[in-house]
Amino acid sequence: MGVALLVAVGELLIWQFDANHRAETEKELLSQLVDARALMEAEISEGLYITIGLASFIQSQNGQPDYGEIESWMAALFGQTRHLRNIGIAPDNRITAVFPKKGNQDVVGVAYRDLPDQWDSVETAMRTGEAKLVGPVDLVQGGRGLIYRRPVFVDDEYWGMISTVMKFDSVIAVIERFMETHSGVYELVRLTSEGNETIAGQLEVGKPAVNQSLEVTLPGDLRWRMIMRERIDASSLWVARSALWGLSLIFGVVGWHWWRSSQMARELQARSVAERTEFIHTVSHELRTPLTSIRGAVGLLEKQYAEDPKAASLFDLANRNLIRIQSLVDDVLDIVRLDAARMDLNLELEQLPELVQQAVENNEHLAGQHELVLRCEIERDAADVNVRVDRQRFLQIMDNLLSNAIKFSDPGQVIRVGIQRRWDWAQVLVIDEGTGIPASFRDQIFDRFARADSSDKRRNQSGTGLGLSLVRELVFAMEGDIAVESEQGQGTTVTVRLPLAGT
């Protein structure tokens, strides 16, 4: 009886160990899937909202667009997007203009009626008035693409079609770089009434594994499912079984109470992780995407009413508030990602002087609006230092530091940005001559939502109090350090230290 009890308790604990391991793996996979899905939807939406903006512009021109103006607009947009292959404009379903022209001349003049494999979806979009996203399909130009077709109606009459081709393999490359930072393998499946088809990735079969899947939200009837799998190493269970058989009789009662308390803790933790990951997805999908659409629409309207001085002030107000809201959303998302260890940094070898000079140039216009001078000062032995950083995140750090210096400086003052080399470290200093930081607030300067009280009512104290907290977390993530020195009324010096990297 005693032996049977020993074995039973040991097997129960081993079973619970295996169940716990699977539950933790499932939770981690689900969290990764939510991030991957949000990333994919954001990458695809980039092209969709450009198409929506172009359709609105054609409608505002009563179906008589200036193709030269559209071409200059497209040239700027293609320089900022990663996945666009081309955009075709087809009045009366015949392609008359395509951007960019290079490499796409062969499709000009093609009528959709002459393409049997595409005409059905075009005709459906005409009939329903709804945009359609199809793919991936094999492109005539080579590679695979996603095609987003949006019918354009002018005065309730069908005008024609806008077709945007996005590079599917380019989108998948972004997802695969994300997956490389995680342990699971993935598979992307297209769901159709005829059956399912794998369109990216490949899962291993025949081995013990934990699976999780989520459906990807896409316009029209296109349905994808993203699946992630992580293998389970069953050999560790035999080791655990041998150990637990010997200890189960002694720790049986203790193990039972531990199991009950740990299960409650896991449930609370799982709920917290699920809420956090769902929050990331919701903010990304429900706030960032509409903001992009609104900014595009405001930009088109601003161009249309450029000669109206009253409208110009309204558009300026709208743009400033949109930028402020976008900045707030981005800061909150970055903080949540850092807390959840979901911030993927692309650390690469960069020339520090070139990065700092770019940051200064990016903020010169803002400094000029406040009648301030930005000056870059590079010590001789720091002229060629290299660091390993995420380029975009480093520029984000500098934008935060420079905007703070500008906000708290008086007209006519100079803000200096210096680069120094100190042993195995590179130092970037942002030095202003502004109001300084009160002594009572210096210990809280990197706290979240911390904002110093100011008796100077001339200054705009708008902000969330997240900027410096986010700066510190990003600097730490790049294996650096940050320090602040300040005397009230005598200015502030912020020093960012980063380890030197070889060439």
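The values are calculated or read from the model by the stated rules, or taken from the named source; none is laboratory data. In this text, all values refer to a predicted model and were calculated from it rather than measured experimentally. Please note: Cβ atoms are built from the backbone with ideal geometry, for glycine as well, and neighbour counts cover all protein chains shown. Please note that ligands, DNA and RNA were not included when accessible areas were found on the heavy atoms of the full protein model with its side chains. Shrake-Rupley method; radii C 1.70, N 1.55, O 1.52, S 1.80 Å.
A few notes on this one:
- Of all residues in region 349-372, those that are farther than 19 Å from residue 427 by Cβ have Cβ atoms under 8 Å from Cβ atoms of residues that are open to solvent by 50 Å² or more (accessible area, probe 1.4 Å) and in a strand (DSSP E or B), 6 or more apart or on another chain, in 367/373.
- Qualifying residue in region 139-148 (condition: of a type in the set (A, V, I, L, M, F, W, C) and exposed (fewer than 14 other Cβ atoms within 10 Å of the Cβ)): yes
- Candidates in region 348-378 are the residues that are open to solvent by 70 Å² or more (accessible area, probe 1.4 Å) and part of a helix (DSSP H, G or I); of these, the one that is nearest to residue 498 (Cα to Cα) is 354.
- If the condition is being touching a helix residue (DSSP H, G or I) at 6+ places or on another chain (Cβ under 7 Å) and either assigned to a helix (DSSP H, G or I) or of a type in the set (Gly, Ala, Ser) (or both), then region 55-69 contributes 56, 57, 60.
- Residue in region 112-133 that is small (Gly, Ala, Ser), touching a strand residue (DSSP E or B) at 6+ places or on another chain (Cβ under 7 Å), open to solvent by less than 30 Å² (accessible area, probe 1.4 Å) and part of a strand (DSSP E or B) present: no
- Filtered by the rule that a residue be over 22 Å from residue 485 (Cα atoms) and in a strand (DSSP E or B), region 379-422 gives 386, 387, 388, 389.
- Selected residue (criterion: surrounded by the fewest Cβ atoms within 10 Å (Cβ to Cβ)) from residues of region 379-413 that are under 20 Å from residue 478 (Cβ atoms) and over 30 Å from the mean Cα position of the chain (by Cα): 384
- Test result for residue 439, exposed (fewer than 13 other Cβ atoms within 10 Å of the Cβ), at pLDDT 95 or above and hydrophobic (A, V, I, L, M, F, W, C): no
- Yes/no for residue 109 being surrounded by 13 or more Cβ atoms within 10 Å (Cβ to Cβ), at pLDDT 85 or above and not polar (S, T, N, Q): no
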